[in-house]
Amino acid sequence: MDLSREILQYLHYHPQSSRDEIAKGTAFSGSDATIKRIIAAGVQKGDIVVEGKARATRYCLSPQAHLLMPLDLDTYFALDVDDRQVQTSFNFNLIREQLPAVRLFTDDEMEHLQELQTEFHRHISEMTDNEYRKEMERLGIDLSWKSSQIEGNTYSLLETERLLRESKTADGKTKEEAVMLLNHKDALRFILDNHDYLQTLTVSHIEDIHQLLTKELSVDTGIRHRRVGITGTNYHPLDNEFQIREAMRDTCELINGKENIFEKALLTLVLLSYIQAFTDGNKRTARITSNAILIANGYCPLSFRSVDSIDYKKAMLIFYEQNNICAFKQIFIEQFAFAVKEYF
């Protein structure tokens, strides 16, 4: 790891540090002039914020760097859940102040995504309606399988295809697993039949999608009014129904205010999972709602088929605990590229 990135990593976990503290914390053995120069470059780039003067000078990350800088996931998750330094409570400022002020994608990332979207448009313009429906059905099967697998469903991809196309359940699987997959199919059909449903995101629309995904699964409908815990983390979502609704409204306002469709879709994925507005089915709802936004705006939906479930969960956990979106953004970009190349 280069020193500039190491300094950013240190400041992520140790805000308001002096230059001496940074040098000691990163085990830097060079000259004071060198570390001063590297910090100054970080300030000029907009990654580091300076507070105070002379001996009272302290450094911390800018909001954009805190959200977007790469973090070493292997090192982070090598620590036991109780040993990680995390933000345990919901961060209202994240939605109200930090995310509205940043661009989530770099210029190079946007150029790459736009090229892929252009390729997607070119390909579908050459397809017949029947060919397009078949590709969307194939993507939908893969999405139903992977989205359910992330939640612990044990159906294989082939078993999922048989269930969704022939209504044949797999031996040795529970009824709930089959229902989860069939609910994905129904939710996706609803979105495709009402492709402009999420041109504007509302709390009631999100609740509708959640209800489709959790029917017959013994999951409470509507915004929850009791506490929930998340396995593998000490992050605690909001437990007050009024605050949950407030966070959901803030999220809809943030997403509707973004012009960039990729930002809309990415924010939907992470924030609906972060808020945990429902007793269960939050990440499933986030994935389908995000895809509904892409479809409503003529963009290629994601199947997530090639993502590793553990990598997906780690990227989500580091957003919960550190409010850092970098790892999940990379998954989004990779899965958008995969969907354009694989299906269309």
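The values are calculated or read from the model by the stated rules, or taken from the named source; none is laboratory data. Keep in mind that this is a model prediction, so the values were computed, not measured. Glycine gets a Cβ as well: all are built from the backbone with ideal geometry, and neighbour counts include every protein chain shown.
Just give me the residues in segment 166-193 being assigned to a loop (DSSP other than H, G, I, E, B) and loosely packed, with under 15 Cβ neighbours inside 10 Å, in sequence order. Full working, then the answer.
Let us first name the residues in segment 166-193 that are assigned to a loop (DSSP other than H, G, I, E, B), namely 167-174.
Selection gives 167, 168, 171, 172, 174.
Taking helices (runs of 4 or more DSSP H) that do not extend beyond segment 1-111, which have at least 2 residues that are over 28 Å from the mean Cα position of the chain (by Cα)?
Values: elements: 3-13, 19-25, 32-45, 63-68, 73-78.
Per the criteria, 19-25, 32-45.
Inspect all residues belonging to segment 284-296 and state whether any of them is among the charged types (D, E, K, R), in the same structural domain as residue 156 (by TED's automatic domain parsing), at pLDDT 95 or above and not in a loop (DSSP other than H, G, I, E, B).
If we filter segment 284-296 for residues that are among the charged types (D, E, K, R), which is where we start, we get 284, 287.
From what is left, the residues that are in the same structural domain as residue 156 (by TED's automatic domain parsing) are 284, 287.
Filter once more, keeping what is at pLDDT 95 or above: 284, 287.
Now restrict to residues that are not in a loop (DSSP other than H, G, I, E, B): 284, 287.
Yes - at least one qualifying residue is present in segment 284-296.
Of the residues that sit in segment 206-249 and are of a type in the set (Ser, Thr, Tyr) and out of contact with any strand residue (DSSP E or B) (no Cβ under 9 Å at 6 or more places or on another chain), which one is surrounded by the fewest Cβ atoms within 10 Å (Cβ to Cβ)? If you could, list the steps in order and put the result at the bottom.
Residues of segment 206-249 of a type in the set (Ser, Thr, Tyr): 214, 218, 221, 231, 233, 235.
Cutting the leftovers down to out of contact with any strand residue (DSSP E or B) (no Cβ under 9 Å at 6 or more places or on another chain) gives us 214, 218, 221, 231, 233.
Details: 214: 22, 218: 9, 221: 14, 231: 7, 233: 17.
Residue satisfying both the conditions and the ranking: 231.
Can you find even one residue in segment 135-147 that is crowded, with 16+ Cβ neighbours inside 10 Å, over 23 Å from the mean Cα position of the chain (by Cα) and of a type in the set (Phe, Trp, Tyr)?
no
Of all residues in segment 86-110, count the ones that are closer than 14 Å to residue 257 by Cβ and β-branched (Val, Ile, Thr).
Of the residues in that region, 2 qualify.
Identify, from the list 304, 332, the residue that is assigned to a helix (DSSP H, G or I) and in contact (Cβ under 8 Å) with a residue 24 or more places away in the chain. Steps first, answer last, please.
Working: 304 fails: assigned to a helix (DSSP H, G or I).
Sole residue among the options that is assigned to a helix (DSSP H, G or I) and in contact (Cβ under 8 Å) with a residue 24 or more places away in the chain: 332.
Pairs, please: C-beta under 7 Å, at least 6 apart or cross-chain, first residue within 23 Å of residue 85 (Cβ to Cβ) and in segment 224-237, second assigned to a strand (DSSP E or B)?
Short answer, once both residue conditions are applied: 236/89.
If a residue must be part of a helix (DSSP H, G or I) and either closer than 17 Å to residue 203 by Cβ or among the acidic types (Asp, Glu) (or both), how many such residues does segment 259-268 contain? So that I can check it myself, show each step before the final result.
Narrowing segment 259-268 to residues part of a helix (DSSP H, G or I): 261-268.
Of the ones still in play, those that are also either closer than 17 Å to residue 203 by Cβ or among the acidic types (Asp, Glu) (or both) are 263-264, 267-268.
Total satisfying the criteria: 4.
Looking at segment 59-102, which of the residues that are in contact with a strand residue (DSSP E or B) (Cβ under 8 Å, 6 or more places away or on another chain) and buried (at least 16 other Cβ atoms within 10 Å of the Cβ) is nearest to residue 277 (Cα to Cα)?
Just the residues of segment 59-102 that are in contact with a strand residue (DSSP E or B) (Cβ under 8 Å, 6 or more places away or on another chain), to begin with: 59-62, 65, 69, 88-90.
Still in the running and buried (at least 16 other Cβ atoms within 10 Å of the Cβ): 59-62, 65, 69, 90.
On the way: 59: 35, 60: 32, 61: 30, 62: 29, 65: 27, 69: 27, 90: 12 Å.
Out of the qualifying residues, it is 90.
Restricting to segment 148-165, name every residue that is under 24 Å from the mean Cα position of the chain (by Cα), surrounded by 15 or more Cβ atoms within 10 Å (Cβ to Cβ) and assigned to a helix (DSSP H, G or I).
Those that are under 24 Å from the mean Cα position of the chain (by Cα), surrounded by 15 or more Cβ atoms within 10 Å (Cβ to Cβ) and assigned to a helix (DSSP H, G or I): 148, 149, 150.
Could you grab me the full set of residues in segment 13-43 that are loosely packed, with under 12 Cβ neighbours inside 10 Å, under 25 Å from residue 73 (Cβ atoms) and of a type in the set (Ser, Thr, Tyr)?
none
On the given criteria, is residue 261 crowded, with 24+ Cβ neighbours inside 10 Å and either free of Cβ contacts under 8 Å to residues at least 24 places away in the same chain or of a type in the set (A, V, I, L, M) (or both)? Step through it out loud before you land on a result.
Numbers: crowded, with 24+ Cβ neighbours inside 10 Å: no; either free of Cβ contacts under 8 Å to residues at least 24 places away in the same chain or of a type in the set (A, V, I, L, M) (or both): yes.
Considered against the rule, which asks whether it is crowded, with 24+ Cβ neighbours inside 10 Å and either free of Cβ contacts under 8 Å to residues at least 24 places away in the same chain or of a type in the set (A, V, I, L, M) (or both), residue 261 comes out as no.
Would you check if there is a residue in segment 46-69 being touching a residue at least 24 places away in the same chain (Cβ under 8 Å), under 28 Å from residue 266 (Cα atoms), of a type in the set (A, V, I, L, M, F, W, C) and in contact with a Gly (Cβ under 8 Å, 6 or more places away or on another chain)?
yes
For segment 239-258, which residues satisfy the criterion of being part of a loop (DSSP other than H, G, I, E, B) and modelled with pLDDT of 95 or more?
Just the residues of segment 239-258 that are part of a loop (DSSP other than H, G, I, E, B), to begin with: 239-240, 258.
Within segment 239-258, just 258 meets the criteria.
Filter segment 307-329 for residues that are in contact (Cβ under 8 Å) with a residue 24 or more places away in the chain and either among the charged types (D, E, K, R) or outside any helix (DSSP H, G or I) (or both) and give the result.
Selection gives 307, 313, 314, 321, 323, 324, 325, 329.
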